[in-house]
Amino acid sequence: MAKSKYEYVKSFEVEDEVMQPNLIIVRIEGCNFERFSDIHDLEKPNDEKALALMNSCAAAVLEEYPDIVFSYGFNDEYSFVFKRKTKFYQRRASKMMSLIVSFFSSVYTTKWKEFFPLKEMKCPLSFLARVVCCASLEVLQAYLAWRQSECHIRNLYNTCLWMLLKSGKSAKEALEVLEGTQKQEKNELLFQQFGINYRMLPEIFRQGSCIFMTQAEDVVKHDEHGIPIKRMRRKPRMIHNEHIAGRNFWNGQQYLLMELGPFDNEIKKIKAEYVRSFLFENKLMPSTWIVIRIDGCHFHRFSEVHEFEKPNDRQALNLMNSCAVAVLEEFKDIVFSYGVSDEYSFVLSKDSKFYQRQASQIVSVIVSFFSSAYVMKWKDFFPFKELKYPPSFDGRAVCYPSTEILQDYLAWRQVDCHINNQYNTCFWMLVKSGKSKSEAQSYLKGTQTREKNELLIRQFNIDYNTLPIMFLRGSSIFRIKGEDSVMPENGTFEEVKQEIILSHSNIIEDSFWKEHPSILC
Ligand code: GTP
Ligand code: MG
């Protein structure tokens, strides 16, 4: 297909392959989960149903992505460990991280009503995610030991905190009681004041949950004599274990030994430098425009399964737009967004300090919120179509150093929209008129814009330029400041009222940006 003069903007995208032999972990954790848990009235400090939902989503992730061989989670977090030799998306960190966090959020939203049949999910949720690289198996072992010790520390603390609050103490009083207390003192407090033996609390609270793959024999069918036919199948298995980083547990799991290897020693103390490396995060360059581009994963298949109209399904596009509006409402640092087909680009202001400009945090929070919103809003746009499986989106962050280059980036996406839409309109008209897909393809090979327009007019009496403007130009969403946003005379800052606008403007032309000078100011 034709290429545009704006293609050069692609060169700003950076490679983020995690080199062999690093082991790759993707860790996700609920973003603002306390608020989500308050809104949905989850039990404190642990809600068994919410934990079961997290575990069920993690099992779905392991089934969806066979390269993930082990996972460990507690509370609102989960870590997913890839097999040593994974080639998943060429080991590109952003792809791996974003797909998993997106899929997890979609599944969470889809499965919510299974676990909370009497509670409606009131708002989309999002997870923060990051990739953690482990240079050796020993480092992975230290990582797991660290996460499990965090599970223990946080659970003991939260159990005490909530018992104190439930017994009538104010938040301030409860925090004072707990300040500086050691493990032993907390255990005693629970026992003496509340008659709770911490060790008798459910394992899932104290130890977290592991889900990993096992090979198990499964009866697939019976032959004509009623004899069962068995096959080896990968199956996720969940267990709770006190020492997931211990040799006893790890070396007893065949599948983990095969895909990752054995633990040679026991961890005595988690080294501080390891923990620092687990927390390491790349920051995006300051004073540059940040674009987060998300793109539907295998939407070719998704649109077939859900029988989207070809080449453009108005409702599918409206759903994408509605999710993007929700993203702008939630994340105030986004100043502009542009969407077409199964993709959306979100532009963050140049001076944004959102998540201290940490790429994976920004990408994950946006892509997971979008995915959750997509599932939540599905029935509003397709009341008569069932969502057959949870969709997922990948995401990346790219920095553009000047406003001109950012505008060229957006122009590149809109030109792409035009090229694809014109091609697809011709292609599907030819197919609908009786040509095979390969005939239609060869018919269009090498044709220019003008020829395609002529073909549409001549053969199908369609004037390309009169097609719905959303199909021709894609959708732009941005904020404009409301009337009462004028700075008051006394010069104090007030909450600036902003309106979110959806338009199908030509953003290639300078005139659009001149008409709306405040968007990229
Ligand atoms: P990856 O993004 O690489 O995972 O592949 P993909 O299958 O998602 O393809 P890509 O992102 O390159 O293109 C998006 C695809 O989504 C299109 O090729 C279409 O098949 C499909 N799609 C998007 N919007 C519509 C629509 O409105 N109607 C129909 N029928 N299909 C659509
Ligand atoms: Mg796609």
Of the residues in region 424-448, those that are surrounded by 20 or more Cβ atoms within 10 Å (Cβ to Cβ) and either of a type in the set (S, T, N, Q) or not in a helix (DSSP H, G or I) (or both) number 1
Condition check for Ser337: in contact with a strand residue (DSSP E or B) (Cβ under 9 Å, 6 or more places away or on another chain), away from ligand 2 (no atom under 16 Å from the Cβ) and assigned to a helix (DSSP H, G or I): no
Of the conditions (1) assigned to a helix (DSSP H, G or I); (2) crowded, with 21+ Cβ neighbours inside 10 Å; (3) more than 16 Å from ligand 1 (Cβ to nearest atom), Ser371 fails just one. Which one is it? (3)
Exactly one condition in (1) closer than 30 Å to Tyr389 by Cβ; (2) more than 16 Å from ligand 2 (Cβ to nearest atom); (3) in a loop (DSSP other than H, G, I, E, B); (4) in contact (Cβ under 8 Å) with a residue 24 or more places away in the chain is false for Asp351; which is it? (1)
What single numbered condition from (1) hydroxyl-bearing (Ser, Thr, Tyr); (2) farther than 30 Å from Glu64 by Cα; (3) surrounded by 18 or more Cβ atoms within 10 Å (Cβ to Cβ) fails to hold for Tyr355? (2)
Just give me the residues in region 12-29 being surrounded by 15 or more Cβ atoms within 10 Å (Cβ to Cβ), aliphatic (A, V, I, L, M) and not in a strand (DSSP E or B), in sequence order. Val18
Expected single match for among the hydroxyl-bearing types (Ser, Thr, Tyr) and open to solvent by less than 10 Å² (accessible area, probe 1.4 Å) among Tyr65, Tyr72, Tyr89 is Tyr72
Can you work out which of the residues in region 285-317 that are more than 10 Å from ligand 1 (Cβ to nearest atom) and either without any contact (Cβ under 8 Å) to a residue 12 or more places away in the chain or more than 19 Å from the chain's Cα centre (by Cα) (or both) is farthest from Ser94 (Cα to Cα)? Val305
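Please determine, by comparing only the residues of region 280-297 that are assigned to a strand (DSSP E or B) and more than 16 Å from ligand 2 (Cβ to nearest atom), which one is nearest to Ile25 (Cα to Cα).
Let us first name the residues in region 280-297 that are assigned to a strand (DSSP E or B), namely 283, 289-296.
Filter again for more than 16 Å from ligand 2 (Cβ to nearest atom), leaving 283, 289-291.
On the way: Lys283: 19, Trp289: 29, Ile290: 25, Val291: 25 Å.
Per the criteria, the residue is Lys283.
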Would you be able to say whether some residue in region 407-423 is open to solvent by 30 Å² or more (accessible area, probe 1.4 Å) and of a type in the set (Asp, Glu)? yes
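The values are calculated or read from the model by the stated rules, or taken from the named source; none is laboratory data. Small disclaimer: the values here were computed from a predicted structure and weren't measured. We place every Cβ from the backbone using ideal geometry, glycine too, and count neighbours over all the protein chains shown. To get the accessible areas, we keep the full protein, side chains included, count just its heavy atoms, and leave off ligands, DNA and RNA. Shrake-Rupley method; radii C 1.70, N 1.55, O 1.52, S 1.80 Å.
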